[in-house]
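Undergrad: Dumping the structure here so I can ask a few things about it.
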Amino acid sequence: MNAPDKVAASPLVSVLVCKTCRADRHDPAQPRPGAVLSAAVAIEAARSANQQRNLSISAVSCLGNCNRGLSAAVAATGSWTYVFGALTVASAADLLAAGELLGNAENGRLPLRGRPDSLKGKMIARIPPLPSKQDDIS
Ligand code: FES
């Protein structure tokens, strides 16, 4: 099966941030950096003038990338999913920009051109879209 060349006109875009990520020298008395990044993404999305209507933000527990710093994923209906690591608490706006870029990508792939510089070289994995019921999965 090949990934679809075209995706829905207005796909649901999801930014999933690991809220349980810690830094190397995390003070347990302080909020986890992953929780700080997760909150920053939600705040940035709420105040963004270019807020996407079909944007979903989720704080999740562990993306299985614990040894590579703060982690988050960007996904969209019918598109590939991109997992990033080595993020910082300042990555919120760039994750949202990547989500918007993916949501607007006609081929369901996050283009390198236009991708925020802070995310370049930090992709851990990309996962193809799930097949739809109509797709041939043989
Ligand atoms: S705790 Fe964040 S990826 Fe595992």
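The values are calculated or read from the model by the stated rules, or taken from the named source; none is laboratory data. Please read all numbers here as calculations on a predicted model, not as lab measurements. Please note: Cβ atoms are built from the backbone with ideal geometry, for glycine as well, and neighbour counts cover all protein chains shown.
Undergrad: Among the residues of region 55-89, which ones are free of Cβ contacts under 8 Å to residues at least 60 places away in the same chain, polar (S, T, N, Q) and either within 11 Å of the ligand (Cβ to nearest atom) or under 23 Å from PRO131 (Cβ atoms) (or both)?
TA: Listed by number, the residues that qualify are SER56, SER58, SER61, ASN65, ASN67, SER71, THR81.
Undergrad: Right, next: Tell me, please, whether a residue that is more than 9 Å from the ligand (Cβ to nearest atom), without any contact (Cβ under 8 Å) to a residue 12 or more places away in the chain, in a loop (DSSP other than H, G, I, E, B) and small (Gly, Ala, Ser) can be found in region 9-23.
TA: Yes: region 9-23 contains one or more residues that are more than 9 Å from the ligand (Cβ to nearest atom), without any contact (Cβ under 8 Å) to a residue 12 or more places away in the chain, in a loop (DSSP other than H, G, I, E, B) and small (Gly, Ala, Ser).
Undergrad: Also, I was wondering about something else. Search region 117-138 for residues being of a type in the set (Gly, Ala, Ser) and over 14 Å from the mean Cα position of the chain (by Cα), and hand back the single one that is surrounded by the fewest Cβ atoms within 10 Å (Cβ to Cβ).
TA: Going residue by residue through region 117-138, those that are of a type in the set (Gly, Ala, Ser) are 118, 121, 125, 132, 138.
Now restrict to residues that are over 14 Å from the mean Cα position of the chain (by Cα): 121, 132, 138.
Numbers: GLY121: 8, SER132: 10, SER138: 4.
Looking at the filtered set, the residue picked out is SER138.
Undergrad: A follow-up question, please. Filter region 29-49 down to residues that are in a loop (DSSP other than H, G, I, E, B) and within 14 Å of the ligand (Cβ to nearest atom) and give me whichever is nearest to ASN65 (Cα to Cα).
TA: Of region 29-49, the ones in a loop (DSSP other than H, G, I, E, B) are 29-32, 48-49.
Then drop every residue that is not within 14 Å of the ligand (Cβ to nearest atom), which leaves 31-32.
Values: PRO31: 19, ARG32: 15 Å.
Filtering region 29-49 for residues that are in a loop (DSSP other than H, G, I, E, B) and within 14 Å of the ligand (Cβ to nearest atom), the one nearest to ASN65 (Cα to Cα) comes out as ARG32.
Undergrad: Could you please give the count of residues in region 67-116 that are outside any loop (DSSP other than H, G, I, E, B), at pLDDT 95 or above and surrounded by fewer than 18 Cβ atoms within 10 Å (Cβ to Cβ)?
TA: Summing the residues that are outside any loop (DSSP other than H, G, I, E, B), at pLDDT 95 or above and surrounded by fewer than 18 Cβ atoms within 10 Å (Cβ to Cβ) in region 67-116 gives 2.
Undergrad: Now for a separate question. Looking at this structure, is GLY121 assigned to a loop (DSSP other than H, G, I, E, B) and touching a helix residue (DSSP H, G or I) at 6+ places or on another chain (Cβ under 9 Å)? Break it down into steps so the answer makes sense when it comes.
TA: Details: assigned to a loop (DSSP other than H, G, I, E, B): yes; touching a helix residue (DSSP H, G or I) at 6+ places or on another chain (Cβ under 9 Å): no.
Judged against the criteria, GLY121 is not a match.
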